[in-house]
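A.B. asks: Would you mind keeping the following structure in view while I ask a few things?
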Amino acid sequence: MTCFIHADKFFLENVTETGGYLEIDDNGNFGFYYSENKKPDGKIIDYVGKYVAPGLVDTHIHGLLNEDVMKSNWDGINKISEGLLQAGVTSWVPTTITDSSDRLINICEKFAKHKGEETGAKILGLHFEGPYFTEKHAGAENTKYMCDPSIDELYKFKAASDNMLIKMSIAPERKGAKEFVREAVKSGVIISLGHSASNFADAIACVEAGASMFCHTYNGMEPMSQHSPNLLGAAFSARLVTDELICDGHHVLQPTIRALIQAKGVEHICLITDCMQAGMMPDGDYVLGELPVYVEKGVARLKTKGNSLAGSVLLLKQAVENLVNWNIATPEDAIMMASYVPAMSIGKLAQCGSIKPDKPADFIVLNKDMTLCETYLNGVLRYKHKEQVN
């Protein structure tokens, strides 16, 4: 039955409205927004004192709740999908790490076999973070599997995944990188650049060949100077690319977050979590791929390899809160960077990322301090914060 959501504020795709009513139709899709002085006839769900925003979209996440994209069976993957509703995430892109070709094909086959079976946050496709990286900036990626990109291998991955592979992150200095980018983009795969010691020329060559994103900008890259713009300089200066950004306050500090957002504009910043299996779990020992990790005070680090950061335990709702609390972004811009921009960056705006008629009614209800109250999927309430339960 059609109903209407009444709230103090609505973060629509092109405007933020104060007050009013948002239609949810019989099919679980968004209908029209009506202003406060045009109260519609029908069932009204009242969220006075609350905000309504599109469901968040996490396009770079490795795990959650002690489950891992690389290792968990389908029940574990679905556990991540369900758990993400607690983070305000209604759509996500499971992300691998660098591993053997055979192992990555097995991952593809697992997701292809269960395509569409998730019961929580919707899986939009797969993101391969690696294996075409450079050893110098491996971070928490395993160097023994790093290699030059292979177009033949790309098509094996696509076939094994039943075309669920929609995004790959690579290092632009690898042999044949720009040729690989050109072919991958023609095949429908988004290319992101990262885990790299690339110079500016190689990075821009890949951008001009079709790469459209930068992988967790700042992290896994050479520092930038006025005489050596390199990969990070390309992330700052390439006009139409989208830059991923981890806003947990550990991977990138607040002034550097502000600098990138001011340089690129919010329409080119994609908030991600890079969350690993320790997300929503207590501090302690974990594993990322084959590498031992410890989590202490909300920071995940490798036990070896120089104590490097190893993904995060960040939730996307926290990234939104952080940017608002740090006075770096307005609420509407923070929401945009966690919903519209991620969906746009992977070509999935028809399915998620904004509130617009006929799109699935995946949305979140927020307190005025931007903390999460509730998560809806297809117009159905799927998560309610325990403090909100009557």
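The values are calculated or read from the model by the stated rules, or taken from the named source; none is laboratory data. Predicted model, so just to flag it, every value in this text is computed and none were measured. We place every Cβ from the backbone using ideal geometry, glycine too, and count neighbours over all the protein chains shown.
A.B. asks: Restricting to segment 335-350, and then to whatever is surrounded by fewer than 20 Cβ atoms within 10 Å (Cβ to Cβ) and small (Gly, Ala, Ser), can you tell me which residue is farthest from the chain's Cα centre (by Cα)?
C.D. replies: So the residue we want is Ala350.
A.B. asks: Additional query: For segment 351-376, name all the residues that are among the basic types (Lys, Arg) and crowded, with 23+ Cβ neighbours inside 10 Å.
C.D. replies: Listed by number, the list is empty, since nothing qualifies.
A.B. asks: Follow-up. Residues of segment 82-102 being over 17 Å from Glu67 (Cβ atoms) and in a helix (DSSP H, G or I), which ones?
C.D. replies: Ser101, Asp102 - these are the residues of segment 82-102 that are over 17 Å from Glu67 (Cβ atoms) and in a helix (DSSP H, G or I).
A.B. asks: Restricting to helices (runs of 4 or more DSSP H) lying wholly in segment 196-299: which have 3 or more residues that are among the small types (Gly, Ala, Ser)? I'd like the intermediate steps shown before the answer.
C.D. replies: Numbers: elements: 200-209, 230-237, 254-264.
So the answer is 200-209, 230-237.
A.B. asks: Go through (1) part of a strand (DSSP E or B); (2) farther than 21 Å from Leu245 by Cα; (3) in contact with a Ser or Thr (Cβ under 8 Å, 6 or more places away or on another chain) and name the single condition His6 misses.
C.D. replies: For His6, the exception is condition (3).
A.B. asks: Continuing with the same structure: What's the number of the only condition in (1) part of a helix (DSSP H, G or I); (2) modelled with pLDDT under 95 that Lys110 fails to meet?
C.D. replies: Of the numbered conditions (1) part of a helix (DSSP H, G or I); (2) modelled with pLDDT under 95, the odd one out for Lys110 is (2).
A.B. asks: Now for a different question. Could you tell me whether segment 309-318 includes any residue that is over 16 Å from the mean Cα position of the chain (by Cα) and under 23 Å from Thr59 (Cα atoms)? Before you say what the answer is, go through the steps one by one.
C.D. replies: So in segment 309-318, the residues over 16 Å from the mean Cα position of the chain (by Cα) come out as 309-310.
Going one step further and asking which of them are under 23 Å from Thr59 (Cα atoms), we end up with 309-310.
Yes, some residue in segment 309-318 is over 16 Å from the mean Cα position of the chain (by Cα) and under 23 Å from Thr59 (Cα atoms).
A.B. asks: In addition: In segment 113-127, how many are in a loop (DSSP other than H, G, I, E, B) and within 17 Å of the chain's Cα centre (by Cα)?
C.D. replies: Narrowing segment 113-127 to residues in a loop (DSSP other than H, G, I, E, B): 114-121, 124-125.
Applying the additional criterion that residues be within 17 Å of the chain's Cα centre (by Cα) yields 120-121, 124-125.
Of the residues in segment 113-127, 4 are in a loop (DSSP other than H, G, I, E, B) and within 17 Å of the chain's Cα centre (by Cα).
A.B. asks: Continuing with the same structure: Search segment 15-74 for residues being part of a strand (DSSP E or B) and among the hydroxyl-bearing types (Ser, Thr, Tyr), and hand back the single one that is nearest to Asn367 (Cα to Cα).
C.D. replies: Residues of segment 15-74 that are part of a strand (DSSP E or B), as a first pass: 16-18, 21-24, 29-34, 43-54, 56-61, 63-64, 67-68.
Add one more test, that the residue is among the hydroxyl-bearing types (Ser, Thr, Tyr), and what stays is 16, 18, 21, 33-34, 47, 51, 59.
Working: Thr16: 16, Thr18: 14, Tyr21: 17, Tyr33: 20, Tyr34: 21, Tyr47: 10, Tyr51: 6, Thr59: 24 Å.
Top of the filtered list is Tyr51.
A.B. asks: Which members of segment 348-389 meet the condition of being out of contact with any helix residue (DSSP H, G or I) (no Cβ under 9 Å at 6 or more places or on another chain), outside any loop (DSSP other than H, G, I, E, B) and basic (Lys, Arg)?
C.D. replies: Lys384, Lys386
A.B. asks: OK, next. When segment 128-178 is examined, which residues are found to be part of a helix (DSSP H, G or I) and polar (S, T, N, Q)?
C.D. replies: Listed by number, the list holds a single entry, Thr143.
A.B. asks: Would you tally the residues in segment 100-117 being surrounded by 17 or more Cβ atoms within 10 Å (Cβ to Cβ) and among the hydroxyl-bearing types (Ser, Thr, Tyr)?
C.D. replies: Total satisfying the criteria: 0.
A.B. asks: Would you tally the residues in segment 222-243 being surrounded by 22 or more Cβ atoms within 10 Å (Cβ to Cβ) and modelled with pLDDT under 95?
C.D. replies: Adding up the residues that qualify gives 0.
A.B. asks: OK, next. Could you list, in sequence order, all residues of segment 72-109 that are touching a residue at least 24 places away in the same chain (Cβ under 8 Å) and of a type in the set (Lys, Arg)?
C.D. replies: Answer for segment 72-109, where residues must be touching a residue at least 24 places away in the same chain (Cβ under 8 Å) and of a type in the set (Lys, Arg): just Arg103.
A.B. asks: When Thr59 is evaluated against the numbered criteria (1) of a type in the set (Ser, Thr, Tyr); (2) farther than 21 Å from Glu141 by Cα; (3) touching a Cys at 6+ places or on another chain (Cβ under 7 Å), which criterion, by number, is the only one it fails?
C.D. replies: (2)
A.B. asks: Return the pair list, or none, for Cβ contacts closer than 7 Å from residues in segment 135-150 that are over 14 Å from Gly176 (Cα atoms) to residues that are assigned to a helix (DSSP H, G or I) and among the polar types (S, T, N, Q), at least 6 apart or on different chains.
C.D. replies: Cβ pairs passing all conditions: Glu135/Thr143.
A.B. asks: Condition first: surrounded by fewer than 19 Cβ atoms within 10 Å (Cβ to Cβ) and either modelled with pLDDT under 95 or under 20 Å from Glu244 (Cα atoms) (or both). Now tell me which residues in segment 174-203 satisfy that.
C.D. replies: If the condition is that a residue be surrounded by fewer than 19 Cβ atoms within 10 Å (Cβ to Cβ) and either modelled with pLDDT under 95 or under 20 Å from Glu244 (Cα atoms) (or both), then Val185, Gly188, Ala197, Asn199, Phe200 are the ones that fit.
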